[in-house]
Amino acid sequence: MKLLALETATEACSVALHVDGETIEHFEIAPRRHAELLLPWIGELLAQAGVARSQLDAIACGHGPGAFTGVRLAVATLQGLALALDRPALGISTLHALARPAMRMLEAAGDTRTGVLAAIDARMGEVYVAAFAGDAANGWKLQGREAVMPPEQFIAPDSPSRWQGAGTGFAAVEGALMKRCSNALSSMDETALPHAADVAELAVAAFLRGEAVPPEQVQPAYLRDKVALTLAEQGKTQP
């Protein structure tokens, strides 16, 4: 199987190409350069692997939540490529992709008693957050729903009782989420960012389950309609 994956929902920009069980990726922390880098990186990865665009079986992207501009860029690029190539598409949760490395570590350790909390700095005093728990029989499942909220309002699910934290949301708002969850966290990486390689892994599994859709059905997962504070909310004088 050949699948192209994009992830631009945070300050990190990444593109991954999965070819028959192997994945290669370009990843860079590149604020405000996503639009500049995305298409050239796609071309470079395809050339590196010797894969033509017409050979792709599907295209996937992290469809948020995250920065509005970055989420729109990934979805629009996916739709343009997939429509032009007449290929199916998959939208993958950016929070799920962010949590995936911690999930793999727990799987390798055989630890079914620890869940993963993924959190992204949503600015404006809020975080995007999701909780995942898993077991050997049923795999990983989202607990409740993905949400955006002030970190001091987050309540971790009662089960499991231990969590690994991943993402910039734990450093946001002076570490409010980290403090909120400190008694339940067994470890944390507040520098973790989502990777297209993890989007690709999740997308391949979803494709094999028959979950690919026409590209126009992949839509951004914003979670929040408001994108900026008013001047009054910023404490500034109206002009």
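The values are calculated or read from the model by the stated rules, or taken from the named source; none is laboratory data. Computed from a predicted model, the values in this text were never measured in an experiment. Positions of Cβ are generated from backbone atoms using ideal geometry, with glycine treated the same way; all protein chains shown enter the neighbour counts. Please note that ligands, DNA and RNA were not included when accessible areas were found on the heavy atoms of the full protein model with its side chains. Shrake-Rupley method; radii C 1.70, N 1.55, O 1.52, S 1.80 Å.
The table for this structure:
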| quantity | calculated |
| --- | --- |
| Span-rule helices in the chain, defined as complete DSSP H runs reaching 20 Å or more along the axis (Cα) with Kyte mean at least 1.0 | 68-85 |
| Accessible area per residue, Å², the stretch 171-214 with all protein chains present, probe 1.4 Å | 52 |
| Of all accessible heavy-atom area on the chain, the percent that carbon and sulfur account for (1.4 Å) | 52 |
| Label of the coordinate-derived value, semi-axes √(5λ) of the Cα gyration tensor in Å, listed as (i) 29, 24, 15; (ii) 34, 20, 15; (iii) 38, 23, 17 | (i) |
| Listed peptides 24-30, 188-194, 60-66, 125-131 by packing density, highest first (mean Cβ within 10 Å) | 60-66, 125-131, 188-194, 24-30 |
| Whole-angstrom Cα spans of the stretch 117-175 along principal axes, big to small | 39, 18, 16 |
| The stretch 17-67 - Debye-derived log10 I(q)/I(0), Cα point model, q = 0.25, 0.32 Å⁻¹ | -1.16, -1.40 |
